[in-house]
Number of protein chains: 2
Amino acid sequence: MPDGLGAPLPAPLFQRLAIIGLGLIGSSIARVARRKNLAGRIVVADRSEDVRRRAVKLGLADTVETSAASAVEDADLVILCVPVGAMGGVAEEIGPHLKSGAILSDAGSVKGAVITAISKRVPASVYFVPAHPVAGTEESGPDAGFATLFRNRWCILTPPEGTDQKAVARLAEFWTAAGANVEIMNPAHHDLVLAITSHVPHLIAYNIVGTAADLETVTQSEVIKFSAGGFRDFTRIAASDPTMWRDVFLNNREAVLEMLGRFTEDLTALQRMIRNGDGKGLFDLFTRTRAIRRGIIAEGQETAAPDFGRRTGEENGS
Amino acid sequence: MPDGLGAPLPAPLFQRLAIIGLGLIGSSIARVARRKNLAGRIVVADRSEDVRRRAVKLGLADTVETSAASAVEDADLVILCVPVGAMGGVAEEIGPHLKSGAILSDAGSVKGAVITAISKRVPASVYFVPAHPVAGTEESGPDAGFATLFRNRWCILTPPEGTDQKAVARLAEFWTAAGANVEIMNPAHHDLVLAITSHVPHLIAYNIVGTAADLETVTQSEVIKFSAGGFRDFTRIAASDPTMWRDVFLNNREAVLEMLGRFTEDLTALQRMIRNGDGKGLFDLFTRTRAIRRGIIAEGQETAAPDFGRRTGEENGS
């Protein structure tokens, strides 16, 4: 197939899939589940009326519910796709309505805090398998999702010790069929890895965009005009969903502060090199950093096209 | 025309264009000058034998010279496209060979230090008009250039006080015909603006890639695998030419340290918000930063396509 997702499955993996929260991630799961026949029925719930209306309009599900508790009734796979800080509340709401033997999972970018928030609300008869698909764009909402979002991306499962291995295998099968590569990881290690590969990058992107906006010596209009010098790259991830990212930082505090400490320490050393005119030190660092990008491209996690292959300025003609 | 550069000029703007240094920028100027008929003859020089061989092979110029001094003989426009730290040496070498009435320009990313290095080596009969085309990719060398690199990008001219206005206008005409928008700016202000829109962004990108490479708790292979969470964006500009960027930091030290100071101050405040669990402060910053990207897209300096419109993972099939 031209979308690289392969043919739909001959029989659905789950009878009834419930997705709670229909943002970029939730709506992408709904789309790929539909396209690849991953579930017999797809039921979604979102607390926002606007989102529910879009979900109906876009035909994202068989049923669109107002109540998360109703949506999970009888579902054999439930995936929570709400901001990390809202996971505990949703778990509390749906806990009593989960079917015995169902798998409960999530798509949160933080695992330690989410496991703490959810675990205590899950009945013993339900298999809780936390997950994090490492994929996204800077857009949000049900219209932003697409079926190929997870293709060739990694989905990290972080089952706490003692989790039923069959449930883990079934969820892994779901994500593999959605196009992702599956990795199993310890929750604490996940939070450390993502702090450096995702959370701190977002933090410093938000930060430099904020710094640039607040300068008195350089106008905002100048920042915008001359952003092609490098700055514009940072504005992409600094345009990500504010609620989602606020919750990430509040819930992965320790790992983020640790990695941020390392970043700042290194930046101070780099600042000293500039102050001291240490050309060799600068050159050595700037040479070393090229190798990592080559690795990322070789692993299929990045395009090899220069400038991300982007085409700019064409929107305005001329 | 499909390349958005418009038709070639009916008559060349300059009789003889000399380009010293055939990297991404120099070779792109050669290409657009050829395609748009900006010069009657194009002469290039590069001190690297490999680069000269590629220049001949790619047909980038009418004449490929080993010596910069020979290349500028009789040229009515000379553009220096060497790293900022090499500008003074090249100016010294070519100074005595420049034609009376010629325009000498450059493409350096720093203007104050370059003006100091070049000015004193320019004969009084030559018009020196410093310039900086704010365009590029993470690639380097003569093969990386392309004729549309400057289309819809800004080229900043920073003529020191007393510069001949006709010379400024002729150079502006050249860059406009090459597809760029021209802005005139004071050199010191240029260096401040570029410090925040280009130099500090490169510095923190190099820095976080270095930090990630040096961690003991997270492996390099994990950084590569899970880089789609945001980190990979930074690796693009951290793959830029090490010599060029070493020279930028050594030659725009004051402005870079000033902007870096602001960045660090803001980052410390952000760090404190995380430590104190200040969700409102985080949310407010994350909301504010979205507007700047919208401005950049509206000004045609960035693509509106999500994720830069990049297509990843397709190289590896499936």
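At least 3 residues that are more than 7 Å from chain A (Cβ to nearest Cβ), under 30 Å from A:ARG272 (Cα atoms) and in contact (Cβ under 8 Å) with a residue 60 or more places away in the chain in each: list the helices (runs of 4 or more DSSP H) lying fully within region B:228-318 that qualify.
Here the list reads B:242-251, B:253-276.
Can you tell me which residues in region A:142-162 are assigned to a strand (DSSP E or B) and either out of contact with any His (no Cβ under 6 Å at 6 or more places or on another chain) or farther than 21 Å from A:VAL110 by Cβ (or both)?
Step one: of region A:142-162, the residues assigned to a strand (DSSP E or B) are A:154-157.
Passing the criteria: A:TRP154, A:CYS155, A:LEU157.
Looking only at region B:144-165, count how many residues are in contact with a Phe, Trp or Tyr (Cβ under 9 Å, 6 or more places away or on another chain) and farther than 22 Å from B:SER240 by Cβ.
Of the residues in that region, 5 qualify.
Here are A:VAL84, A:VAL72: which of them is within 14 Å of chain B (Cβ to nearest Cβ), within 23 Å of the chain's Cα centre (by Cα), at pLDDT 95 or above and buried (at least 18 other Cβ atoms within 10 Å of the Cβ)? Reasoning before the result, please.
Values: A:VAL72 fails: within 14 Å of chain B (Cβ to nearest Cβ).
Result of the check over A:VAL84, A:VAL72: A:VAL84.
For the condition in contact with a helix residue (DSSP H, G or I) (Cβ under 9 Å, 6 or more places away or on another chain) and away from chain B (no Cβ under 14 Å), what is the one hit in A:PRO160, A:PRO133? Lay out the reasoning, then the answer.
Numbers: A:PRO133 fails: away from chain B (no Cβ under 14 Å).
Among A:PRO160, A:PRO133, only A:PRO160 is in contact with a helix residue (DSSP H, G or I) (Cβ under 9 Å, 6 or more places away or on another chain) and away from chain B (no Cβ under 14 Å).
So which residues in region A:234-254 are more than 16 Å from the chain's Cα centre (by Cα) and surrounded by 24 or more Cβ atoms within 10 Å (Cβ to Cβ)?
Scanning region A:234-254 gives A:PHE234, A:THR235.
Filter region B:53-86 for residues that are over 19 Å from B:PHE174 (Cβ atoms), assigned to a helix (DSSP H, G or I) and not hydroxyl-bearing (Ser, Thr, Tyr) and give the result.
Those that are over 19 Å from B:PHE174 (Cβ atoms), assigned to a helix (DSSP H, G or I) and not hydroxyl-bearing (Ser, Thr, Tyr): B:ARG53, B:ARG54, B:ALA55, B:VAL56, B:LYS57, B:LEU58, B:ALA68, B:ALA69, B:VAL84, B:GLY85, B:ALA86.
For B:PHE283, only one of the following conditions fails: (1) surrounded by fewer than 20 Cβ atoms within 10 Å (Cβ to Cβ); (2) modelled with pLDDT under 95. What is its number?
Of everything listed in (1) surrounded by fewer than 20 Cβ atoms within 10 Å (Cβ to Cβ); (2) modelled with pLDDT under 95, B:PHE283 misses just condition (2).
Can you confirm whether B:ASN276 is modelled with pLDDT under 95 and loosely packed, with under 14 Cβ neighbours inside 10 Å? Break it down stepwise before answering.
Working: modelled with pLDDT under 95: no; loosely packed, with under 14 Cβ neighbours inside 10 Å: yes.
No, not satisfied.
Identify all residues within region B:167-186 that are within 16 Å of B:VAL78 (Cβ to Cβ) and without any contact (Cβ under 8 Å) to a residue 60 or more places away in the chain; write none if there are none.
B:VAL168, B:TRP175
Please state which one of A:ASP50, A:ASP3 is assigned to a helix (DSSP H, G or I) and surrounded by fewer than 18 Cβ atoms within 10 Å (Cβ to Cβ).
On the way: A:ASP3 fails: assigned to a helix (DSSP H, G or I).
Result: A:ASP50 is the single residue among A:ASP50, A:ASP3 that is assigned to a helix (DSSP H, G or I) and surrounded by fewer than 18 Cβ atoms within 10 Å (Cβ to Cβ).
Within region B:212-227, how many residues turn out to be out of contact with any strand residue (DSSP E or B) (no Cβ under 8 Å at 6 or more places or on another chain) and outside any loop (DSSP other than H, G, I, E, B)?
Matching residues across region B:212-227 total 9.
Kindly provide the set of residues from region B:201-227 that are buried (at least 24 other Cβ atoms within 10 Å of the Cβ), more than 7 Å from every other protein chain (Cβ to nearest Cβ) and over 21 Å from A:VAL209 (Cβ atoms), ordered by number.
None - no residue of region B:201-227 is buried (at least 24 other Cβ atoms within 10 Å of the Cβ), more than 7 Å from every other protein chain (Cβ to nearest Cβ) and over 21 Å from A:VAL209 (Cβ atoms), so the list stays empty.
List the number of the failed condition for A:GLY112; all other conditions in (1) loosely packed, with under 15 Cβ neighbours inside 10 Å; (2) touching an Asp or Glu at 6+ places or on another chain (Cβ under 8 Å); (3) in contact (Cβ under 8 Å) with a residue 40 or more places away in the chain hold.
The single condition A:GLY112 does not satisfy is (1).
Of the residues B:ALA180, B:ALA172, B:ALA195, which single one is more than 9 Å from every other protein chain (Cβ to nearest Cβ), over 30 Å from A:CYS155 (Cα atoms), under 20 Å from the mean Cα position of the chain (by Cα) and surrounded by 22 or more Cβ atoms within 10 Å (Cβ to Cβ)?
B:ALA180
Criterion first (in a strand (DSSP E or B) and either closer than 15 Å to B:THR176 by Cβ or in the same structural domain as B:ALA107 (by TED's automatic domain parsing) (or both)) does B:GLY40 satisfy it?
In short, yes.
The values are calculated or read from the model by the stated rules, or taken from the named source; none is laboratory data. It should be emphasised that the depicted structure is a prediction, and the values quoted were computed from it without experimental measurement. As a convention, Cβ positions derive from the backbone with ideal geometry for all residues, glycine included, and neighbour counts pool all protein chains shown.
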